Amino acid sequence: MSLAQERSLDATYRRRLTEGVLAFQQCGGGHAVFPPRPVCPTCGSRELAWAESAGDATIYSATTISPRDQDPYTVVILDVAEGFRMMSRLDGPDATSATIGDDVRVEVRAIAGGGDLLPLAALSTGVDA
Amino acid sequence: MTNEAQLRGSTSIVGVAEAGLGEVGPDVSALQIAGEASLDAIADAGLRPSDIDAVFCHSAFFTFPATTLSEYLGLQPRYVDTTATGGSSFVAHLRHATAAIDAGMAEVALIAYGSNQHSHSGGLATSGANLVPSYEAPFGPRMPVSGYALAAARHMHEFGTTRKDLAEIAVAARKWAQLHPDAFTRDDLSIDDVLGARMVSTPLSVRDCCLVTDGAGAVVVTTTERARDLRQPLVPILSVAEASRHMNISTTPDLTTTAAVESGARAFDLAGLRPSDVDVVEVYDAFTINTLLFLEDLGFCTKGEGGSFVADGGIAPGGRLPVNTNGGGLSYTHPGMYGIFLIVEAVRQLRGEAGDRQVADAHVGLVHGNGGVLSSQVTALLGDASTL
C-alpha cells in the first residue's frame, strides 16, 4: 500500500474492497461509522479504527428500477449487522425477489457487465446459500 | 441579542413575481428569466432596483449565483447570500434575510431563482460538479427519484400506505392546477392514470414525479414597518425554521420521518401557532410521497395516517385542507428547485389575489421547502395583517 492510500479514507475503503472486504470504521465508544470520515458522527470521537464487516445485513428499504436497455435491478438500503446503514444493490436472479425485512449477504463483486468491485447484496436463501 | 421569537412579523414579503414558466426556448438563459422575475417582483412591491441592498440566490445554472445576478441587474448589494440547500434554499433565504434586516445589515432583500432545465436539456441539472466519491451512485439509483422511492416503500411497509394513497396526491395537485391559468399540465388525471403510468423506481411511477419545466421566481422582503407604506397587502413573515439530518438518503436515521418534524415544531413555536391555525399549505412536492410525509411531520395528521388524510380528495379543492393550491411541482411548474414558487403562491393566497383557486379567509399560510433527498427541511409561517 502507498502512503497516499493510507492518508485517504476513501482509497483505504476501495483498497479493502479489492481484497474482498467491506471495511467500515469503529470509534472507541463502539459506534460503527460509514461512509468513512474523520469523526464519529454519533459521539464526536476522532479515534477511529478500521473494522471488517462479516456481511450479514437486513433490507431496510428497496426500490426496483427497470431500464429499457438492461435487466431490472433493485437498489436497497441495508442495515448491516455491525450497526451501520448503507446503499447496495441486488441484481441477477435476486433482482426483483427481495422485500423489506429480508436477510441478505453482502458480497464484494462487480455488477453484472463489469466495473469496479462493490459490496452487493444477495438473498441469504439465494444461489450462495 | 434578539431572541428569535421577537422577530415574529418583523419583516414582510412585499413583492412577488414569476417569469419564464413552462418552456422558454433554447436560447433564453436561466439568468435572463431570474432577472426578469426579480425586476417584476421589485416592481410588484412598488420599489426600484436601487432600493435592493441584499441579494439571495441559488442556481445550478450559473455560478456565484447571487453575485452573478447582482451584476446582471446592476445591483450593488451590501449583503450577499448563496445559501445552497437545494430546493429549500429560498425558504431558508427568508430567514437569513430577516436576520440580516434585524441586525441592520440590510433593509430590502431580493430572493431569486431561475432555471431553463426543460429547454436546456430536459433533464435535471445538479448543483455543480461533485468531486467527492459517492457511496450511492455506483449502485445505480435513479436520483433523486430512487431516494424518494425508498422512503415511499418503507412508509408502505410500516404503515400500510398504498400506491392509491399516493395517486390521490397527484390527482389533487392536478385539480388545483386546473384552476390556475399558468399551470404547465391541466389535462384531466385520474387515480387509474397514475396507477397505470410507467414505473420509474418502484413504487413511484412517472405520475408520482414532478414536472421538468423552465421557470423563475423572485420575492422581495423588507421591514414590516416599511411594508405598511408599500402598495401590496401586508404579508408578514411570522417564523422560519431550518433542520437537516442527512445529505445522502442511505445515511438517514429514519426514512419515514423527516427533519420537517423539527423545522415544523420550531416554526409553529416561534409563530405562536398550531397546525389547526393554518388556512393554506404549500409543501414541496417533488414526488407524491413528499406531500404525505410533510403533512404528517408538520402535524396536520399523525405519523402513518397520511394515506387516510389525503383519501377521497382530502387535499383537493373543496377538501379538508387546501394543499399546494397552484398545482405544485407535480402539475404547476418544477424547474429543478421549486422553493421560491411555494412562497409566491402562499403570498398570492394571503393577499387574496389567487383567482379561481383562492382559498376563502386565508390568514395563515405554511410554506415548507425540501432540499436534496429529504435532506434539508425548512418551514415558514406567513400571515396577513390580522396575524400581527
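Numbers at a glance
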item	result
Condition met for B:Leu211 (open to solvent by 10 Å² or more (accessible area, probe 1.4 Å), farther than 30 Å from B:Asp384 by Cα and away from every other protein chain (no Cβ under 13 Å))	yes
Whichever residue in segment B:339-370 is among the small types (Gly, Ala, Ser) and more than 18 Å from the chain's Cα centre (by Cα) and, among such residues, is surrounded by the fewest Cβ atoms within 10 Å (Cβ to Cβ)	B:Ala360
Hits in segment A:1-29 (condition: part of a loop (DSSP other than H, G, I, E, B), away from chain B (no Cβ under 14 Å) and crowded, with 16+ Cβ neighbours inside 10 Å)	A:Val21
Residue in segment A:55-67 that is within 14 Å of chain B (Cβ to nearest Cβ), surrounded by 18 or more Cβ atoms within 10 Å (Cβ to Cβ), in a loop (DSSP other than H, G, I, E, B) and modelled with pLDDT of 95 or more present	no
Total residues in segment B:262-292, condition open to solvent by less than 10 Å² (accessible area, probe 1.4 Å), in a helix (DSSP H, G or I) and closer than 30 Å to B:Ser12 by Cβ	6
Breaking point among (1) surrounded by fewer than 17 Cβ atoms within 10 Å (Cβ to Cβ); (2) over 22 Å from the mean Cα position of the chain (by Cα), for B:Asp182	(2)
The one condition in (1) in contact with a Gly (Cβ under 6 Å, 6 or more places away or on another chain); (2) crowded, with 24+ Cβ neighbours inside 10 Å; (3) over 24 Å from B:Arg266 (Cβ atoms) that B:Gly336 fails to fulfil	(1)
Complete set of residues in segment A:30-54 that are β-branched (Val, Ile, Thr) and open to solvent by 60 Å² or more (accessible area, probe 1.4 Å)	A:Thr42
Hits in segment A:19-30 (condition: more than 13 Å from the chain's Cα centre (by Cα) and under 15 Å from A:Glu107 (Cα atoms))	A:Glu19
Helices (runs of 4 or more DSSP H) fully within segment B:132-197 counting 1 or more residues that are within 25 Å of B:Tyr338 (Cα to Cα) and within 14 Å of chain A (Cβ to nearest Cβ)	B:145-159, B:163-177
Of residues in segment A:91-117 being open to solvent by less than 20 Å² (accessible area, probe 1.4 Å) and at pLDDT 95 or above, the one nearest to the chain's Cα centre (by Cα)	A:Val106
Pair list, Cβ under 6 Å, 6 or more apart: segment B:215-244 residue part of a strand (DSSP E or B), other residue surrounded by fewer than 24 Cβ atoms within 10 Å (Cβ to Cβ) and among the basic types (Lys, Arg)	B:Leu238/B:Arg8; B:Val240/B:Arg95; B:Ala241/B:Arg266
Top-ranked residue of segment A:68-87 - restricted to ones that are of a type in the set (D, E, K, R) and assigned to a loop (DSSP other than H, G, I, E, B), ranked as most open to solvent (accessible area, probe 1.4 Å)	A:Arg68
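Table: residues versus (1) touching a helix residue (DSSP H, G or I) at 6+ places or on another chain (Cβ under 6 Å); (2) within 14 Å of chain A (Cβ to nearest Cβ); (3) among the acidic types (Asp, Glu).
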{"position": "B:Pro236", "(1), (2), (3)": "yes, no, no"}
{"position": "B:Ala241", "(1), (2), (3)": "yes, no, no"}
{"position": "B:Asn248", "(1), (2), (3)": "no, yes, no"}
{"position": "B:Val261", "(1), (2), (3)": "yes, no, no"}
{"position": "B:Asp269", "(1), (2), (3)": "no, no, yes"}
{"position": "B:Thr302", "(1), (2), (3)": "no, no, no"}
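The values are calculated or read from the model by the stated rules, or taken from the named source; none is laboratory data. Computed from a predicted structure; not experimentally measured. So basically every Cβ, Gly included, is an ideal-geometry build from the backbone, and we count neighbours across all protein chains shown. What goes into the accessible areas is simple: the full protein's heavy atoms, side chains included, and nothing from ligands, DNA or RNA. Shrake-Rupley method; radii C 1.70, N 1.55, O 1.52, S 1.80 Å.
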